[in-house]
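Structure first, commentary second.
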Amino acid sequence: MSSMRFDVELTPEPEGGYTVVCPLVKGAVSYGKTVEEALDMIKDAIEGILEVRGELEKYAPIEIGEYKVKTTV
């Protein structure tokens with residue numbers, strides 16, 4: 001079985017840490033204190049949503065693909 005890659009967007013928060021969103025999976029939003037933690041958390045969120053939808057086996061194993069860090073001006 002091949003894995004599915006999901007691209008995500010990270011947004012630095014003013015108080016520290018990162019909010020992370022997966023646009024392809026509705027409702028997949030999470031937070032981490034570091035980039036690595038945020039990526040781990042969004043992977044868990046994606047897997048949880050797909051499991052509830054009954055679609056996890058279709059996409060597993062899940063991999064986080066490219067990520068963009070949004071900047072604020």
| Any hit, region 54-70, residues being surrounded by 13 or more Cβ atoms within 10 Å (Cβ to Cβ), in a strand (DSSP E or B) and modelled with pLDDT of 95 or more | no
| request: Among the candidates K26, K43, single out the residue that is assigned to a helix (DSSP H, G or I) and either free of Cβ contacts under 8 Å to residues at least 24 places away in the same chain or of a type in the set (K, R) (or both). | output: K43
| message | Which of the numbered conditions does L56 fail, given that it passes all the others? Conditions: (1) touching a residue at least 12 places away in the same chain (Cβ under 8 Å); (2) of a type outside the set (D, E, K, R); (3) touching a Leu at 6+ places or on another chain (Cβ under 8 Å). | response | (1)
| query | Across region 24-37, what is the number of residues that are modelled with pLDDT of 95 or more, within 15 Å of K70 (Cα to Cα) and of a type in the set (A, V, I, L, M)? | reply | 1
| remark: Note on region 1-23: residues part of a loop (DSSP other than H, G, I, E, B), over 13 Å from G65 (Cα atoms) and free of Cβ contacts under 8 Å to residues at least 60 places away in the same chain are S2, E13, P14, E15, G16, G17
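The values are calculated or read from the model by the stated rules, or taken from the named source; none is laboratory data. This is a predicted model, so every value here is computed, not measured. Methodologically, a virtual Cβ is constructed for each residue, glycine included, from the backbone with ideal geometry; neighbour enumeration extends over all protein chains shown.
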